[in-house]
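Quick note: the coordinates plus some simple rules give every number you see, no bench work behind them. These numbers come from a predicted model, not from an experiment. So basically every Cβ, Gly included, is an ideal-geometry build from the backbone, and we count neighbours across all protein chains shown.
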Amino acid sequence: MISLQSIKKECQRTQALEQHRDKQARLVASLLASSPPEVEDDRARREAQIVVTLLRAAREWGHRGVECSNCRLISPPDLEFCLYCDNEEQVSLITYSTDLERTLSHRLRNSAAPDQSIRRVKRLLVDPLLLYSDESSSEKKES
Ligand SMILES: [Zn+2]
């Protein structure tokens with residue numbers, strides 16, 4: 001039997017999903033103008049994409065973030081859906097240890113995340129390397 005509660009919950013989810021799609025579409029449009037940095041290797045690129053989201057979590061999101069089970073990238077902790085791919089399943093909030101940034105390379109060297117990520121999501125909708133590019137290059141080259 002369907003309870004009123006579950007209908008209400010489903011409505012809220014649909015609403016949240018619509019807002020999310022909206023936001024993602026705007027993001028995709030705004031990033032369309034810029035071209036992603038050149039990385040030859042697909043795995044290296046995906047690893048860099050994962051790293052940049054983990055660094056955000058470490059530096060700006062209070063060592064928290066929501067991990068997507070699909071693309072394995074980390075979205076801001078207040079999001080209900082993945083920012084980068086079209087995974088519309090709810091994501092899980094993760095709290096990282098405070099040494100996340102220091103242990104990052106070790107963490108990834110032993111991780112299958114980049115491979116899984118590529119296997120499941122060939123191409124991300126939103127490229128975090130573009131989205132967070134202001135981070136690494138605050139002085140953008142004028143060329
Ligand atoms: Zn995702």
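List of remarks:
- Arranged from fewest to most other beta-carbon atoms within 10 Å of their beta carbon, Val28, Val66 become Val28, Val66.
- Across region 4-136, Cα pairs under 8 Å and at least six residues apart give a relative contact order of 28 percent.
- The stretch between Asp86 and Arg102 holds 2.7 nm of extra length on full extension. This uses 0.36 nm per residue minus the Cα-Cα distance.
- Exposure proxy ranking for Lys9, Lys23, based on other Cβ atoms within 10 angstrom of each Cβ and starting from the fewest, stands as Lys9, Lys23.
- Cα gyration tensor category, rounded, prolate or oblate, for region 1-61 with a/c compared to 1.5: prolate
- Among Thr53, Thr98, Thr14: highest mean-square fluctuation, GNM of the chain, C-alpha pairs under 10 Å: Thr14
- Hydrodynamic radius of the chain per Kirkwood, over alpha carbon pairs, in Å: 16.3 Å
- 0 to 90° range, to nearest 10: angle between helix 4-31 axis and the chain longest Cα axis: 30 degrees
- Under the simplified labelling scheme, the Arg26-Arg120 pair shows an inter-label distance of 2.7 nm, with each label point 7 Å from Cα along Cα→Cβ.
- Calculated mean residue ellipticity, 222 nm, the chain: -15500 deg cm²/dmol, from DSSP H runs (n ≥ 4) at -39500 (n - 2.57) each, averaged per residue and rounded to 500.
- Residues Ile2, Ile74, Ile7, Ile50, sorted so that the one with the fewest Cβ neighbours within 10 Å comes first: Ile2, Ile7, Ile50, Ile74
- Estimated FRET transfer efficiency (Arg109, Ser34; beta-carbon r; R0 30 Å; 0.05): 0.50
- Fluctuation leader among Glu18, Glu101, Glu88 - the chain, Gaussian network, Cα springs under 10 angstrom: Glu18
- Nearest-20 debye value, region 4-136 charge dipole, Cβ charges on Lys, Arg, Asp, Glu: 300 debye
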